[in-house]
Each structure stands twice: as structure tokens, then as C-alpha cells.
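Written out below as C-alpha cells is the structure these notes cover.
The values are calculated or read from the model by the stated rules, or taken from the named source; none is laboratory data. As the structure is a prediction and not an experimental result, all values here were calculated from the model. Because the Cβ atoms are built from the backbone with ideal geometry, glycine has one as well, and the counts that use them run over all protein chains shown. Remember, those area values only see protein heavy atoms, side chains included, never the ligands or the DNA or RNA. Shrake-Rupley method; radii C 1.70, N 1.55, O 1.52, S 1.80 Å.
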Amino acid sequence: MDSGHALRRGRFKREENLSLASSSTERLALSKTPPIVIAHRGACGYLPEHTLAAKALAHGMGADFMEQDVVLSRDGVALVLHDIHLDSTTDVAIKFPGRARTDGRFYAIDLDLPEIRELRVHERISVNAGTSAEAVYPQRFPSRPALFQVPTLEEEITMLAGLDRSRGCRTGLYIEFKAPDWHADQGLDLPGAVLAVLDKTGYADRPEQVFLQCFNDKTLRRMHEAGQTQLPMIQLIGENDWGEDGGVDFNYLRTPPGLSRVAEYAQGIGPFLPQIYLGKSDSGAVQLSNLVTTAQEKGLLVHPYTLRQDELPPGINSFSELLDVFVQRAGVDGLFTDFPDLVVDYMKTQHM
Ligand code: G3P
Ligand code: CA
């Protein structure tokens, strides 16, 4: 496993602290590499997801990695966008009212880049036919007006590289291939388009600075076996009833033999929070699965998603308690969070 991902902000801080640690307790506390902070869709707890503004804010907050979910436009341009649809986060229904498919949804893959440029991005809303659209997180940034644009992957990388230079740091990319089999069915090669952007921007040979992630296990395995990239891969683990691309059996992937199979092509897993934190007992004791320890025994990093201040799991009363559970108790190697500033602050209070 590439320990280069032991990480920028955390690693340098830890090395400074090691020389200061005087007691055995302090040394023990510092013996594990601090978890990496992954800004989930940017600092999307504060600004609309996957906008350059949300990524710039997360950069300023000191996140180690920025997450990019990537889909393709009709002309094959890699866009930073969570959904294959445009209607939950943009004004596409107003700008291009006649472009919905028969299911009523507007697809990014049905618009060329010049058309995507005309769209404006807003805070995520729920799109339910026949009902008024509501903000998914009502306390976050207002869902109207739509102020922002859909960035291309190349634009976002260029901005982050610029910020790294002007702020004197090095931030990682954490890129997810969204529905690669569906893209292939539509005639487009999503992994190929992403790798081309990484090549062009100079990131294709920076394994310490890039993770590639996907729910579709066959996509990652195929890329590994074809030698398409040396960049580290993270196998995302969802639930079987989510209908994720590729028909993955996540229940199997979470078993010891399943994790051994993952370790053949990936450097880590990205599990769903409830697959690690199971709740509390009647006496209030935190209940954890053995997923983290089993995966780490196989040499896999564990980066769960998604820690949100405004969506705490059952039995958890504060964001700091949530962080205690995942960082101190479960011992994860990184965290996806909508609130990177709060996680960075927590790490400081824990001297990590
Ligand atoms: O990629 C980790 C996490 O973001 C997966 O969930 O739906 O937010 O992409 P999603
Ligand atoms: Ca994602």
C-alpha cells in the first residue's frame, strides 16, 4: 500500500508533534497516521455542491482532498456533477424545457458543453413529479437564486492547482466515476475521459495526490487489470437495494473474502456510515461492526461517507461525538464530510 497517502496536513503536523511528545501516552496517541479530511462535493455544507466556490472554500478550510463526482456531457466533456441528471441542482428545466427524456428527467449526457455553460447551479432540491421542489437541507445555502456554473473537471483541477500555488500547499483529488456502465451504454467512455484530463493536467502520475473511486467493482478491476492507471483506487460500498451501476453485490464485498478480492485491485474502501456505526445499545454503548478492522487487516484504507453536522446518525447527539466514534473508536483512515472546517478543527483539538 502506498503510505504516501499518509497525508499532507496531517503528516507534517504529526512529524512536528512527534518531537514534542514526552510521555508514552502522548507517543501512543501519535502513533497512528491522522485520518485524511475529504471535502465531500467541496464544502457543500455551506455552498452548493460541486461549485468552484464550494471547492475554494474547502481549500481555504484546509481539507486534504477535494471530491469530484464526474459525469460526461453529450460531447464527451468530463463535468464535476454528482448526478447523471441535471434537474436537482441546476435550472435546466427553465433553460431547456423541451429536453427531458420520457421519464421526465434532464440528463447531462443530452446536452453539449456550450449548453451546459448556460445553466446555473443552485443548492440541491428534491425532484418529485407533481410536488413542489424542496431543499434537501433547508438550513444550508438558499436554493434560489441559482448563482453558479457546472465546472468541467479540467477547470476544477486548474483552479485547485492555482490555489495550491498561491496558498503554498498541495491538495489531493478524489475522483468518482459516476455510473460508468450506463455511460458505456450511452456510447461514452467515462474512465477514459477522466484519465485523459488527469494526463493533460499533470496528475496522472501523482499517486500520492489522487484517489479514483467507484461503486462499480468491475470498472475498477478492469482498469487495474488493463494497467490503465497506477493511481490508487477506492472501492465504494453501498447497499444492494440502491440500484448502483454494475449490479454490485455489496453484501459480498463487505465479507472477509469479498474484501480480499477488493484488495487485489484497490487500495481502500469507502463504506456507508451505517455499515460501521450500528447504533447504541440499551445502556448507551456504541456498537461498531468489524468492517474497519477486517478491511485494515487486508491492507485496505477505510474512508467512510458522509459525516454531516445537520444529519447525525441515530443515537449521536453532536458532530464531535460522531467524530469521536469514527476517529477514536473505529479508527478510520479518512472521512468524507460536508463540513471540512469542523473536522479540521476537531483534528487540531485531538492534536492530530
Ligand atoms: O464517494 C463517496 C460518497 O460521495 C458516495 O456517495 O452519492 O455522495 O457520491 P455519493
Ligand atoms: Ca461521491
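At a glance:
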| quantity | calculated |
| --- | --- |
| Kirkwood Rh and Cα Rg combined as Rg/Rh, the chain | 0.96 |
| Theoretical ellipticity at 222 nm over the chain - DSSP helices of four or more residues, -39500 (n - 2.57) apiece, nearest 500 | -8500 deg cm²/dmol |
| Ratio of the Cα radius of gyration of the stretch 67-154 to 2.2 N^0.38 Å, where N counts its residues | 1.04 |
| Spherically averaged projected area of the stretch 155-204 from its Cα convex hull (nm²) | 3.7 |
| Dipole of the stretch 242-352 [Lys/Arg +1, Asp/Glu -1 at C-beta], most positive-end residue of Pro271, Thr349, Thr293 | Thr293 |
| Net charge, Leu259 excluded, C-beta distance under 15 Å - Lys, Arg +1, Asp, Glu -1 | -1 |
| Listed residue pairs exceeding 24 Å between alpha carbons, taken from Lys55/Lys178; Lys95/Lys200; Lys55/Lys280; Lys218/Lys280; Lys55/Lys200 | Lys95/Lys200; Lys55/Lys280; Lys218/Lys280 |
| Cα pair distances in the stretch 142-276, grouped into 10 Å bins until the bin that holds the longest one, percent each | 11, 37, 33, 17, 2 |
| Average accessible area per residue (Å²) across the chain - probe 1.4 Å, nucleic acids and ligands excluded | 43 |
| Dipole in debye (nearest 20) - the chain, about Cα centre, beta carbon charges: Lys, Arg +1; Asp, Glu -1 | 800 |
| Whole-Å distance, taken between Cα centres, linking the stretch 154-232 and the stretch 302-352 | 26 |
| Accessible area of the chain belonging to carbon and sulfur atoms, whole % at 1.4 Å probe | 51 |
